[in-house]
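Trainee: Okay, here's the structure, questions in a sec.
The values are calculated or read from the model by the stated rules, or taken from the named source; none is laboratory data. Remember, it's a predicted structure, so these values are computed and weren't measured experimentally. Here the Cβ is made from the backbone with ideal geometry for all residues, glycine too, and neighbour counts use every protein chain on show. Ligands, DNA and RNA are excluded from the accessible area calculation, which covers all protein heavy atoms including side chains. Shrake-Rupley method; radii C 1.70, N 1.55, O 1.52, S 1.80 Å.
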Amino acid sequence: MGSKGRVSSHASCICTICRETGIRRQEVIHNFIEKEEHYVHSLDTVKESVILPFKTTKPFAVRFGVDEFIDDVFGVIPILRECNRRLIEAMHIRRREEDSLRSIGGIAFEAVIDFMSPYPAYSGYHLIAERRLKDDIDNNPDIRIFSEASK
């Protein structure tokens, strides 16, 4: 086999590897989008099955009022949902573009900036919300019943 044959063989091999790598990257992007969509759907489920019924029916009295209770326990959820929705939208747009793989890093960077405020707040907020919900479940039988019915 001459040098032209080896070069052609190597080029063919490199093209195959590049194609396979591109396919794997597209699969990773697809899986990422799918998981983010599932997460947003979970946040929507919390809103639709817990927050809205709680807000509209006001099935019981809470110590500091329904709106304060919802803010204390669920207040960050709409913000998190919106951050993740924007990330999904950007990923879908980029995936449809010709050279999507090169520009995914820019989306990730923008997402990090977008998440810088709400997610650290959520981490600290989560403990406060958990404590508030536990206290109200322990001290208010109506909340305990509502919580068990929502499971």
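Trainee: Work through the residues other than V40 whose Cβ is under 12 Å from its Cβ and net out their charges, Lys, Arg +1 and Asp, Glu -1.
Mentor: Combined, the nearby Lys, Arg, Asp and Glu give -1.
Trainee: Determine ³J(HN,Hα), in whole Hz, for all residues of region 71-85 in sequence, where each value follows from phi through the Karplus function 6.51 cos²θ - 1.76 cosθ + 1.60 and θ = phi - 60°; x replaces Gly and Pro.
Mentor: 4, 5, 8, 10, x, 7, 4, x, 5, 4, 4, 5, 4, 5, 5
Trainee: Tally Lys/Arg at +1 and Asp/Glu at -1 over every other residue whose Cβ is under 10 Å from the Cβ of R144; what's the total?
Mentor: Spelling it out: positives minus negatives among the neighbours equals -4.
Trainee: Leaving out ligands, DNA and RNA but keeping every protein chain, what accessible area does S49 have, in Å² rounded to the nearest 10, with a 1.4 Å probe?
Mentor: Per-residue accessible area (S49): approximately 60 Å².
Trainee: Excluding residues on the same chain fewer than 8 positions from K47, give the aspartates and glutamates whose Cα lies under 18 Å from its Cα.
Mentor: Candidates past the 8-residue exclusion: E36, E37, D67, E68, D71, D72, E82, E130, E148.
Trainee: Evaluate the distance, in nm, between pseudo-label points positioned 7 Å from the Cα of V46 and of I128 along their respective Cα→Cβ axes.
Mentor: Placing both labels 7 Å along Cα→Cβ, they lie 1.5 nm apart.
Trainee: Would you tell me the accessible area of K55, worked out with a 1.4 angstrom probe on the heavy atoms of the protein chains, in Å² to the nearest 10?
Mentor: Rounded to the nearest 10, the figure is 90 Å².
Trainee: Can you tell me the Rg and the Dmax, both Å, for the Cα atoms in region 111-151?
Mentor: Gyration radius and largest Cα-Cα distance of region 111-151: 14.4, 42 Å.
Trainee: Arrange the peptides 81-87, 66-72, 143-149 so that the one whose residues have, on average, the most other Cβ atoms within 10 Å appears first.
Mentor: The peptides rank, most packed first, as 81-87, 66-72, 143-149.
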